[in-house]
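Heads up: the structure comes next, in structure tokens.
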């Protein structure tokens, strides 16, 4: 359990505290993720909002040796190999909502929301994650037998960070509030 400060523990973390703790983890311990924690994270993703509640997503859990070898072929980085497991987040364009005024397919937006639910829920459970979008999507489709219309969008390595203090020691570089918030009009 984190000790964020003298008064705040994981069990009473608010959204801002959790958002400050979540960071991209790129070094994982060899420890396996407990089934209960993994199911908690996946349930958080399942409950994510989506346009018109279409829920155009699939979450492929990859933890076996063959699957891990396959996903590592799609993104061949040394740090990525340290993760004990992965969640491949896929958009199902066959069932996503498309805005009529301009044809905008909202599957990517919906998947992004679900992915951040995964990352925040994982951080709450002291698990590290990292958004990986720069991977070989064609190879991924092939290796994981994705049907036509289902696109791999994000790979989320997930596991216990090798250095648990990464959550509190990783600096957050964010623009100032007044740089990004506009009131009433741009």
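Let's see how each residue does on (1) part of a helix (DSSP H, G or I); (2) modelled with pLDDT of 95 or more:
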site	(1), (2)
1	no, no
7	no, no
11	yes, no
43	yes, yes
58	no, yes
83	no, yes
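Go through the residues of the stretch 30-39 one by one and say whether even a single one is within 18 Å of residue 164 (Cα to Cα), buried (at least 18 other Cβ atoms within 10 Å of the Cβ) and at pLDDT below 95.
no
Looking at (1) surrounded by fewer than 17 Cβ atoms within 10 Å (Cβ to Cβ); (2) closer than 19 Å to residue 128 by Cβ, which is the only condition residue 22 fails?
(1)
Select from the stretch 153-186 the residues that are under 29 Å from residue 40 (Cα atoms) and not in a loop (DSSP other than H, G, I, E, B) and list them in ascending order.
Applying the first criterion (under 29 Å from residue 40 (Cα atoms)) to the stretch 153-186 yields 153-174.
Across the stretch 153-186, the qualifying residues are 153, 154, 155, 156, 157, 158, 159, 161, 166, 167, 168, 169.
This table checks each residue for (1) surrounded by fewer than 16 Cβ atoms within 10 Å (Cβ to Cβ); (2) in contact (Cβ under 8 Å) with a residue 12 or more places away in the chain; (3) within 13 Å of the chain's Cα centre (by Cα); (4) outside any helix (DSSP H, G or I).
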position	(1), (2), (3), (4)
79	yes, yes, no, no
88	no, yes, yes, yes
100	yes, no, no, yes
111	no, yes, yes, no
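Please work out which residue is surrounded by the most Cβ atoms within 10 Å (Cβ to Cβ), limiting yourself to the stretch 125-142 and to residues that are in a helix (DSSP H, G or I) and in contact with a helix residue (DSSP H, G or I) (Cβ under 6 Å, 6 or more places away or on another chain).
Out of the qualifying residues, it is 140.
Do we find a residue being touching a strand residue (DSSP E or B) at 6+ places or on another chain (Cβ under 9 Å), part of a strand (DSSP E or B) and surrounded by fewer than 17 Cβ atoms within 10 Å (Cβ to Cβ) anywhere in the stretch 45-55?
no
Outside any helix (DSSP H, G or I), surrounded by 19 or more Cβ atoms within 10 Å (Cβ to Cβ) and in contact (Cβ under 8 Å) with a residue 24 or more places away in the chain: does that describe residue 118?
No, not satisfied.
Just for the stretch 165-186: of the residues that are out of contact with any helix residue (DSSP H, G or I) (no Cβ under 6 Å at 6 or more places or on another chain) and touching a residue at least 40 places away in the same chain (Cβ under 8 Å), which one is nearest to residue 56 (Cα to Cα)?
172
Tell me yes or no: at least one residue of the stretch 90-98 is out of contact with any strand residue (DSSP E or B) (no Cβ under 6 Å at 6 or more places or on another chain), loosely packed, with under 13 Cβ neighbours inside 10 Å, at pLDDT 95 or above and part of a loop (DSSP other than H, G, I, E, B).
yes
The values are calculated or read from the model by the stated rules, or taken from the named source; none is laboratory data. Given the structure is predicted, the values throughout are model-derived calculations rather than measurements. Note: ideal-geometry Cβ built from the backbone for every residue, glycine included; neighbour counts use all protein chains shown.
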